[in-house]
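In what follows, a structure is listed as structure tokens, so that the remarks can point back to it.
The values are calculated or read from the model by the stated rules, or taken from the named source; none is laboratory data. Note that the structure is predicted; figures quoted are calculated from it, not measured. Cβ atoms come from the backbone with ideal geometry, glycine included; neighbour counts cover every protein chain shown. Quick note on the areas: whole protein, heavy atoms, side chains included, nothing else; ligands and nucleic acids left out. Shrake-Rupley method; radii C 1.70, N 1.55, O 1.52, S 1.80 Å.
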Amino acid sequence: MSKQKERIVSKDKKILVVCYSFSRGNTRKIAKQLQTVLEADYAEIEPTHPYPPYGGWNSEVTEQGKREVEAGFMPEIKPLAVNIADYDIIAVGTPTWWFTMAPPMHTFLKSQDWTGKTVIPFMTHGGWPGHVITDIKEYCGGAKFAAAMEIQFDSEGGDHMLTSQADIDAWLEGLRKELR
């Protein structure tokens, strides 16, 4: 065996970045960086019934999100324009809602066959990362996993990123080398 770390995949593997993003689009921003660096396709999860707009910690959507997470609710989502089965590597990104993934991501992950796929889990949060990465790994049974990433934004629901861009760039570069 070579001393060089074995790559998870070769150049001929198809890569998809899929995310659910809400409010300020923080998760989308990270997903788009991944798409560019990995030369991947992109898809975004959309619930069939959109959530109310974010209006702070005491807003309607915050309470709705809490109820849905506590109940394990999986909202109906719109079909993606791509077929997940066509991809070998899938980056999945979600904001943190009540210490886990947003319910639309829960729906997406539970509706796919992850056998033989390589998953890159990433999440955004406002200071309380919870157990999102662990939950993604649990719901993607049969998958291998590349390096995960937690990206922190300000705790007021804004778009000010607290994780340094240098840390994100290092993660992206590591993935690029590992996956290509």
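Just checking, does region 88-98 include any residue being in contact with a Phe, Trp or Tyr (Cβ under 9 Å, 6 or more places away or on another chain), without any contact (Cβ under 8 Å) to a residue 60 or more places away in the chain and among the polar types (S, T, N, Q)?
The answer is yes, given that some residue of region 88-98 is in contact with a Phe, Trp or Tyr (Cβ under 9 Å, 6 or more places away or on another chain), without any contact (Cβ under 8 Å) to a residue 60 or more places away in the chain and among the polar types (S, T, N, Q).
Name every residue in region 144-158 that is open to solvent by less than 20 Å² (accessible area, probe 1.4 Å) and in contact with a strand residue (DSSP E or B) (Cβ under 7 Å, 6 or more places away or on another chain), in order of residue number.
Matches in region 144-158: A146, I151, F153.
When the residues of region 78-108 are filtered to those that are small (G, A, S) and part of a strand (DSSP E or B), which remaining residue is surrounded by the fewest Cβ atoms within 10 Å (Cβ to Cβ)?
Among those that are small (G, A, S) and part of a strand (DSSP E or B), it is A91.
Quick one: is G158 at pLDDT below 95, under 20 Å from T100 (Cβ atoms) and either in a helix (DSSP H, G or I) or over 11 Å from the mean Cα position of the chain (by Cα) (or both)? Outline the logic, then answer.
Values: at pLDDT below 95: yes; under 20 Å from T100 (Cβ atoms): no; either in a helix (DSSP H, G or I) or over 11 Å from the mean Cα position of the chain (by Cα) (or both): yes.
No.
I'd like the residue in region 109-131 that is assigned to a loop (DSSP other than H, G, I, E, B), at pLDDT 95 or above and not hydrophobic (A, V, I, L, M, F, W, C) and, out of all such residues, is least open to solvent (accessible area, probe 1.4 Å).
Of region 109-131, the ones assigned to a loop (DSSP other than H, G, I, E, B) are 111-117, 126-131.
Filter again for at pLDDT 95 or above, leaving 111-117, 131.
So of that shortlist, the ones also not hydrophobic (A, V, I, L, M, F, W, C) come out as 111-113, 115-117, 131.
Working: S111: 73, Q112: 58, D113: 106, T115: 96, G116: 62, K117: 22, H131: 90 Å².
Checking each candidate, the answer is K117.
Answer yes if at least one residue in region 163-172 is open to solvent by 30 Å² or more (accessible area, probe 1.4 Å) and either among the aliphatic types (A, V, I, L, M) or touching a residue at least 24 places away in the same chain (Cβ under 8 Å) (or both), and no otherwise.
Yes: region 163-172 contains one or more residues that are open to solvent by 30 Å² or more (accessible area, probe 1.4 Å) and either among the aliphatic types (A, V, I, L, M) or touching a residue at least 24 places away in the same chain (Cβ under 8 Å) (or both).
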